[in-house]
Amino acid sequence: MWSRLGYLRRAWCGSVVRQHLARRDASSSAAADALVRSLSSVAASGSGKLQLPDLPYDYDALEPVISADIMRTHHTKHHQTYINNFNQALERLHGTDHPQTLISLQPAIVFNGGGYINHCIFWTNLAPTKQGGGEPPLQGSGLMQALERDLGGLNVFMSTMNTAGAGVQGSGWAWLVFNNNTKRLEVVTRPNQDPVVGAYTPLLGIDMWEHAYYLQYKNDKATYLKNIWQVVNWKNVQERYQAVAG
């Protein structure tokens, strides 16, 4: 039989990611929920662990925009570290009924769980040019129409996104999101590894942590932001948009 604290731990670990990360808004979003559910499922099981997903392309496939060295380090070191730390935090969480320990583990679960979610989206938001990377959304498509209606068109949106990314202080992300309440597109930023959940569904994210660009671009964030559009996987962004906009 579970003790009262044991029951509390089990319920808490299965919902902490969703409850804490969605603190800005009570409504949910289908696309973000899929990844959040994977974290909650692992947390609630007490036995499963997150695994590093394979990239859908080779490490050198995004060159010259993003070097193979950056991609390999970003994927196998940074993304893997978030996964390792998340799994370790869960092991500690499932091994204790102590309330103070449960509370102390929450930041690690949120931060590293967010790192897992954000990077899973980021990898699929990119594609080699030979696989369609950089090809803009089709004229007349739902996504292109939404960009024109809500954000002034593709070029204006890209400029707005670049400004938002350049304005991230320290570490964080710039996102194109779908507002599930207004049914409109917006550009938002998130600090650290806070993922986009709640009222918003993430469609396209640009990683503004230095590990995403510094080995190649040094402190020249503007050039990184200018070049990354050459490998944006607009087909993936369109699919994400259609999933929530219908």
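Key figures for this structure:
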read-out	value
Residue within region 188-211 that is in a helix (DSSP H, G or I), in contact (Cβ under 8 Å) with a residue 24 or more places away in the chain and buried (at least 18 other Cβ atoms within 10 Å of the Cβ) present	no
Qualifying positions in region 170-186 - surrounded by fewer than 19 Cβ atoms within 10 Å (Cβ to Cβ) and at pLDDT 95 or above	Ser171, Asn179, Asn181, Thr182, Lys183, Arg184, Glu186
Residue in region 99-116 that is surrounded by 14 or more Cβ atoms within 10 Å (Cβ to Cβ), modelled with pLDDT of 85 or more and more than 19 Å from Gln193 (Cβ to Cβ) present	no
Hey, Ala166 closer than 24 Å to His79 by Cβ, of a type in the set (A, V, I, L, M) and exposed (fewer than 14 other Cβ atoms within 10 Å of the Cβ) or not	yes
Of all residues in region 64-91 being at pLDDT 95 or above and hydrophobic (A, V, I, L, M, F, W, C), the one that is farthest from Val232 (Cα to Cα)	Ile83
Flag for Val110 being assigned to a helix (DSSP H, G or I) and more than 25 Å from Pro53 (Cα to Cα)	no
Any hit, region 47-56, residues being surrounded by 14 or more Cβ atoms within 10 Å (Cβ to Cβ), at pLDDT 55 or above and in contact with a Leu (Cβ under 7 Å, 6 or more places away or on another chain)	no
Lone unmet requirement of (1) of a type in the set (Val, Ile, Thr); (2) over 17 Å from Ile70 (Cβ atoms); (3) not in a strand (DSSP E or B) for Thr223	(2)
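Matching residues to (1) under 15 Å from Leu151 (Cβ atoms); (2) outside the structural domain of Asn112 (by TED's automatic domain parsing); (3) among the acidic types (Asp, Glu); (4) over 18 Å from the mean Cα position of the chain (by Cα):
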residue: Ala174; (1), (2), (3), (4): yes, yes, no, no
residue: Asn179; (1), (2), (3), (4): yes, yes, no, no
residue: Leu185; (1), (2), (3), (4): yes, yes, no, no
residue: Arg190; (1), (2), (3), (4): no, yes, no, no
residue: Thr201; (1), (2), (3), (4): no, yes, no, no
residue: His211; (1), (2), (3), (4): no, yes, no, no
residue: Asn219; (1), (2), (3), (4): no, yes, no, yes
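The values are calculated or read from the model by the stated rules, or taken from the named source; none is laboratory data. Since the structure is predicted, the reported quantities are computational estimates derived from the model, not experimental observations. Virtual Cβ from ideal backbone geometry, glycine too; neighbours counted across all protein chains shown.
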